[in-house]
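A quick write-up on the structure given underneath.
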Amino acid sequence: MTGLPRNAVVADALREGQWWISTSRSRNPVIRLIQDCLPPPTVVNTQQDAQDDTYLWKIEDEVWQYFTSKAHVSPPQSFEDGVRWLKNPCRDKNTALILRLAFQASMYFIWRERNSRLHNASSRPASALILEIKSLLRCHLNHLTAAQRLIPPAPSLLMTWFGVFH
């Protein structure tokens, strides 16, 4: 609709210091709404955005590396391949579920960290995020374990958590 690819970043919408879309004379109400909502282009600092993205990717690598190394698995490097890999990351069903939950929690906490950096000018190290993710997962796994139907001697989700990830 706008002529920008789906995977475009903010810097792709700037042309010669102006919003690319602001020069569009489209009558489409969605395009008009976007034009009306755009901040002045001088507010966008593409160099700072690139530094923030690099910082967040380093945190993401460290957080995700923590969980995958504990499970002795090695996911693909690209995000898309990694998401496909999560469908079946290992043979053990409990470990696979925990890895999926860890991935979801990692994405949530990394995004929250990004927002905290942007809006509050505060940041935390990856180790603090890992502790928060572990705490959340442990609470979530406690409830899932209570609902789990096990045939002995199959380990519960919490047993797998403490045996593999803790």
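The values are calculated or read from the model by the stated rules, or taken from the named source; none is laboratory data. Predicted model only: the values in this text are computed from it and were never measured. Neighbour counts are summed over all protein chains in view; Cβ atoms, including those assigned to glycine, are modelled from backbone coordinates with ideal geometry.
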Is it the case that the range 135-147 has a residue that's more than 26 Å from LYS58 (Cβ to Cβ) and either in contact with a strand residue (DSSP E or B) (Cβ under 8 Å, 6 or more places away or on another chain) or outside any helix (DSSP H, G or I) (or both)?
-> no
Any idea which residue in the range 68-78 is nearest to the chain's Cα centre (by Cα), counting only those that are free of Cβ contacts under 8 Å to residues at least 40 places away in the same chain and surrounded by 10 or more Cβ atoms within 10 Å (Cβ to Cβ)?
-> SER78
Selection from the range 137-150 of residues surrounded by 13 or more Cβ atoms within 10 Å (Cβ to Cβ) and either farther than 17 Å from GLY163 by Cα or not assigned by TED's automatic domain parsing to the domain that holds TRP64 (or both) yields GLN148
Does PHE109 meet the test of being more than 19 Å from THR160 (Cβ to Cβ) and of a type in the set (Phe, Trp, Tyr)?
-> yes
Any chance the range 115-127 includes a residue that's surrounded by 12 or more Cβ atoms within 10 Å (Cβ to Cβ), more than 16 Å from the chain's Cα centre (by Cα), under 13 Å from PHE67 (Cβ atoms) and of a type outside the set (S, T, N, Q)?
-> no
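Just the residues that are farther than 18 Å from ILE133 by Cβ and either at pLDDT 85 or above or part of a helix (DSSP H, G or I) (or both), please, taken from the range 56-78. Reasoning before the result, please.
Just the residues of the range 56-78 that are farther than 18 Å from ILE133 by Cβ, to begin with: 72, 74, 76-78.
Matches in the range 56-78: HIS72, SER74, PRO76.
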